[in-house]
Amino acid sequence: MTLRSQSPTKTIAFTLLLALGSVPSSATAAAPDLADAAGNYGITSASRIHFTVAQAGGGGIVGDFAKFSGNFRIDRNDVGHSTVEFTLYPESVKTGEKRIEDFLKSSAVFDTANYNTVTFRSTNVKQTGPDTAAVEGTLTARGTSRKERFLVTLLDWSRGSIAFNIRGNIHRSPYGMDVGTPIYSNVVQFDMNIKGQRR
Amino acid sequence: MLRNDKAGFGWITIVLHWAIAALILALLGLGFVMRRTPVDPALQFSLYQWHKSLGFTALGLATIRALWHLVEVRPRPPAGLNMLERHAASTTHVVLIVLALAVPLAGWAVASTSTLNIPSFYFNWIVIPHLPMAKSEAAENFWTLVHMTLAYLLLSFVALHALAALYHHFARRDDVLVRMLQTGSRQRASSQAAGSDPVIAGRKKP
Ligand code: HEM
Ligand code: HEM
């Protein structure tokens, strides 16, 4: 938990340091600016979709989704007009324990036999800092669509490729996935590192 | 009438006996259904958690009962039992007391060694820690086998024990069953003829 809450601040500080360090003479040096990175990107398989569901007494289920696809567009004139769409294939869930994976795929949770994707489509992007943004959009899972919000931090940008850290806490009960509560938290904490390749 | 005396059982023994009996029968049925019948996975998850919470309750009561059995007065064996029957009865009782402890302890070992690492959240109220045992597939499989074997062994002793009780009640028409149902039965039983009418005894059941 402590690690989790420290790392975004660390990341920003680290990015700032890097930027300042590499251009020591420039007084206007700053973290990479989202607007500079404008363009269309495809989400690459080097991305990591990591999640944690805390459990009573400490610890929890920790895993990754191996299969996903998506793309995003960073608007040149107004970062607020940027868009993202993302598709996750829950049958690719990995937790290190086959029985847990099978349970997550079963009708108790994702019900992959009937719903083979989880999708997110942004409706609103708001820049919240030089390298941060809040993305709102529609998350659809198990046939239910709801508005959800993710916080985005720019990690790295070089010509042609870009990397973000994206975090969001999603309540699973509205999607009919409340099995196991309160032993397992209702909140799924997503911590994703998304890499985009310019198209 | 809380305590036993030489003539019969007191309420503490009686209430413990029937509470544990009800829990154990429910746990045997629940254990079988949750593990051996095709149930919906979400329901199966809840059944496992109910099984663990009820199982810990059985373990708690069985511990009290085992200690109680050691310190409390034992009533005289019912009249009309020969030596062999007395030994069979008391041996069965000791086996039942021991298995009522061993079965849930082995269940606790299953939950503790399981690589699923599912917390035992007692009736969604407090987390009962896992036993300090290493988690591995091999250990989980071993304890599952022990838990299952002991559970069905317990079932067979319970069947033997319950059938013996029913045999005494309906065939021998003695007060073996009745004295585990009510504390006052010995006065009535002794005031009535030895072959008291089972129908009347049946009506007196609470
Ligand atoms: C007197 C108390 C208990 C009885 C009579 C009992 C009985 C049973 C039975 C009959 C089964 C099914 C066995 C099979 O058919 O394979 C079972 C499975 C199981 N029991 Fe118990 N149980 C008791 C207490 C507990 C406790 C206290 C726990 C854990 C804290 C527990 C955990 C389990 C688990 C995890 C399984 C499933 C094993 C598996 O699927 O691998 N039980 N129990
Ligand atoms: C389910 C049906 C059951 C019936 C009909 C039944 C009936 C009886 C009866 C009639 C007695 C009194 C024997 C006497 O008069 O000396 C008795 C005693 C006893 N029963 Fe059961 N019983 C049942 C289940 C169980 C279960 C599940 C257990 C434990 C796992 C159990 C453990 C005992 C023990 C330990 C005693 C001896 C009491 C003592 O000395 O403290 N019984 N039972």
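The values are calculated or read from the model by the stated rules, or taken from the named source; none is laboratory data. Given the structure is predicted, the values throughout are model-derived calculations rather than measurements. Quick reminder, even Gly has a Cβ in these numbers, built from the backbone with ideal geometry, and neighbours come from all protein chains shown. Keep in mind that these areas ignore ligands, DNA and RNA; they rest on the heavy atoms of the full protein, side chains included. Shrake-Rupley method; radii C 1.70, N 1.55, O 1.52, S 1.80 Å.
Can you tell me which residue within region B:94-123, out of those that are touching a residue at least 40 places away in the same chain (Cβ under 8 Å) and open to solvent by 60 Å² or more (accessible area, probe 1.4 Å), is nearest to the chain's Cα centre (by Cα)?
Checked region B:94-123; the qualifying residue nearest to the chain's Cα centre (by Cα) is B:Leu105.
Cβ-Cβ under 9 Å, sequence separation 6+ or interchain: first residue in region A:44-70 and without any contact (Cβ under 8 Å) to a residue 24 or more places away in the chain, partner charged (D, E, K, R) and open to solvent by 30 Å² or more (accessible area, probe 1.4 Å). Which pairs?
As it stands, the answer is A:Ser45/A:Lys67; A:Ser45/A:Lys195, since those pairs meet every condition given.
So which residues in region B:130-180 are within 14 Å of another protein chain (Cβ to nearest Cβ), open to solvent by less than 50 Å² (accessible area, probe 1.4 Å) and more than 11 Å from ligand 1 (Cβ to nearest atom)?
B:Ser136
Every residue, every condition in (1) of a type in the set (Lys, Arg); (2) part of a helix (DSSP H, G or I); (3) within 12 Å of ligand 1 (Cβ to nearest atom); (4) surrounded by 14 or more Cβ atoms within 10 Å (Cβ to Cβ), yes or no:
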{"position": "B:Leu25", "(1), (2), (3), (4)": "no, yes, yes, no"}
{"position": "B:Leu28", "(1), (2), (3), (4)": "no, yes, yes, yes"}
{"position": "B:Arg35", "(1), (2), (3), (4)": "yes, yes, yes, yes"}
{"position": "B:Pro38", "(1), (2), (3), (4)": "no, no, no, no"}
{"position": "B:Gln49", "(1), (2), (3), (4)": "no, yes, yes, yes"}
{"position": "B:Thr63", "(1), (2), (3), (4)": "no, yes, yes, yes"}
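Show the residue pairs meeting these rules: Cβ distance below 7 Å; 6+ apart or different chains; first residue within region B:134-149 and farther than 15 Å from B:Ile118 by Cα; second residue within 16 Å of ligand 2 (Cβ to nearest atom).
B:Trp143/B:Ala106; B:Val146/B:Ala106; B:His147/B:Val103; B:His147/B:Ala106; B:His147/B:Gly107
Here are A:Lys105, A:Lys195, A:Lys126: which of them is basic (Lys, Arg) and closer than 18 Å to B:Gln44 by Cα? Walk me through how you get there before you give the answer.
Values: A:Lys195 fails: closer than 18 Å to B:Gln44 by Cα; A:Lys126 fails: closer than 18 Å to B:Gln44 by Cα.
Result of the check over A:Lys105, A:Lys195, A:Lys126: A:Lys105.
Within region B:78-91, identify whether any single residue is within 8 Å of ligand 2 (Cβ to nearest atom), open to solvent by less than 50 Å² (accessible area, probe 1.4 Å) and part of a helix (DSSP H, G or I), and answer yes or no.
For region B:78-91, residues within 8 Å of ligand 2 (Cβ to nearest atom), open to solvent by less than 50 Å² (accessible area, probe 1.4 Å) and part of a helix (DSSP H, G or I): present.
Only residues that are charged (D, E, K, R) and either under 20 Å from the mean Cα position of the chain (by Cα) or more than 18 Å from A:Asp178 (Cα to Cα) (or both): list them for region A:106-126, please. Break it down into steps so the answer makes sense when it comes.
Looking only at region A:106-126, we keep the residues that are charged (D, E, K, R), and these are A:111, A:121, A:126.
Hits for region A:106-126 are A:Arg121, A:Lys126.
Within region B:4-46, track down each residue that is in contact (Cβ under 8 Å) with a residue 40 or more places away in the chain and either touching an Asp or Glu at 6+ places or on another chain (Cβ under 7 Å) or of a type in the set (Ser, Thr, Tyr) (or both).
Passing the criteria: B:Asn4, B:Thr13.
Take B:Ser53 and decide whether it is under 20 Å from the mean Cα position of the chain (by Cα), surrounded by 15 or more Cβ atoms within 10 Å (Cβ to Cβ) and within 14 Å of chain A (Cβ to nearest Cβ).
Judged against the criteria, B:Ser53 is a match.
In this structure, does A:Lys94 turn out to be over 29 Å from A:Gln127 (Cα atoms) and among the basic types (Lys, Arg)? Explain how you work it out, then say what you get.
Numbers: over 29 Å from A:Gln127 (Cα atoms): yes; among the basic types (Lys, Arg): yes.
So A:Lys94 fits the description; yes.
Considering each of A:Val53, A:Val62, A:Val79, A:Val118 in turn, give the residue that is in contact with a Ser or Thr (Cβ under 8 Å, 6 or more places away or on another chain), over 19 Å from A:Tyr175 (Cα atoms) and β-branched (Val, Ile, Thr).
Just one listed residue meets the conditions, A:Val62.
Can we say B:Ser53 is touching a strand residue (DSSP E or B) at 6+ places or on another chain (Cβ under 7 Å), more than 16 Å from ligand 2 (Cβ to nearest atom) and assigned to a helix (DSSP H, G or I)?
Yes.
From the list B:Leu59, B:Leu43, B:Leu67, which residue is open to solvent by 40 Å² or more (accessible area, probe 1.4 Å) and more than 12 Å from chain A (Cβ to nearest Cβ)?
B:Leu67
For region A:168-189, which residues satisfy the criterion of being buried (at least 18 other Cβ atoms within 10 Å of the Cβ) and part of a strand (DSSP E or B)?
Of everything in region A:168-189, those that are buried (at least 18 other Cβ atoms within 10 Å of the Cβ) and part of a strand (DSSP E or B) turn out to be A:Gly168, A:Ile170, A:Tyr184, A:Ser185, A:Val188, A:Gln189.
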